[in-house]
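A quick write-up on the structure given underneath.
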Amino acid sequence: MDTRTTDRPSTELRTGLITLGEAIAKLVRVSREEIVAFAGMSHDANPLHRDTQAAQRARFGEIIASGQHTAAMLMGFLASHFSRSDDGVRREMLCLNMNFAFKGPVFADQDVTLAWKVNATQWNTKLQGVLAHLDGSAAVVPGKPAVIARGTILVKDGQS
């Protein structure tokens, strides 16, 4: 990763595109039908995502969202936020690297808090944008995430 800096004012990193320390969160709820549909669309034939009896035998008691489903919601939330222009700043965002650790199940009709925090930002001359390192989570119980995420994104000015 090229992390060379330029004389570009640091205020441009703090205002506009992305802000160090910026934290975002969103409450979502996934229905049983959405869990089954996502498993089908992603070619995930694991019965834990569509068969209550299989989920009961596996100690869950109810179908669970696949890890990739929860990860997709986290990535979609991240992409939507950092490619928005509703605040008057046009952005383009690209996910460069994402890692996920699956710690617990997400059940149908359960509130899930998706959250991300920007931990580092740096202007990248080669890519002509801000590289940002973020930590994220999807939690069904406050303070106890079902999924832990870490990612690197590139945020660019959407006007160029």
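The values are calculated or read from the model by the stated rules, or taken from the named source; none is laboratory data. The shown structure was predicted, so the numbers you read here are calculated from the model rather than taken from an experiment. Using ideal geometry, Cβ is built from the backbone for each residue, glycine included, and neighbour counts are taken over all protein chains shown. Protein only, heavy atoms only, side chains kept; ligands, DNA and RNA dropped before computing areas. Shrake-Rupley method; radii C 1.70, N 1.55, O 1.52, S 1.80 Å.
The requirement of being outside any loop (DSSP other than H, G, I, E, B), of a type in the set (A, V, I, L, M) and under 22 Å from Gly136 (Cα atoms) is fulfilled somewhere in the range 33-41, by at least one residue. The residues in the range 119-146 that are under 21 Å from Val28 (Cα atoms) and not basic (Lys, Arg) can be counted, and the count is 12. Within the range 104-128, residues that are open to solvent by 50 Å² or more (accessible area, probe 1.4 Å) reach partners that are part of a strand (DSSP E or B) and polar (S, T, N, Q) with beta carbons closer than 9 Å, at six or more positions or on different chains, in the pairs Thr113/Ser137. Checking Ala25, Ala72 one by one, the residue that is in contact with a strand residue (DSSP E or B) (Cβ under 7 Å, 6 or more places away or on another chain), modelled with pLDDT of 90 or more and under 21 Å from Thr113 (Cα atoms) is Ala25 and no other. Would you be able to say whether some residue in the range 62-79 is more than 15 Å from the chain's Cα centre (by Cα) and open to solvent by 20 Å² or more (accessible area, probe 1.4 Å)? Within the range 62-79 (the criterion being more than 15 Å from the chain's Cα centre (by Cα) and open to solvent by 20 Å² or more (accessible area, probe 1.4 Å)), the answer is yes, since at least one residue qualifies. If only residues of the range 80-103 that are hydroxyl-bearing (Ser, Thr, Tyr) and loosely packed, with under 14 Cβ neighbours inside 10 Å are counted, the one that is modelled with the highest pLDDT is Ser80.
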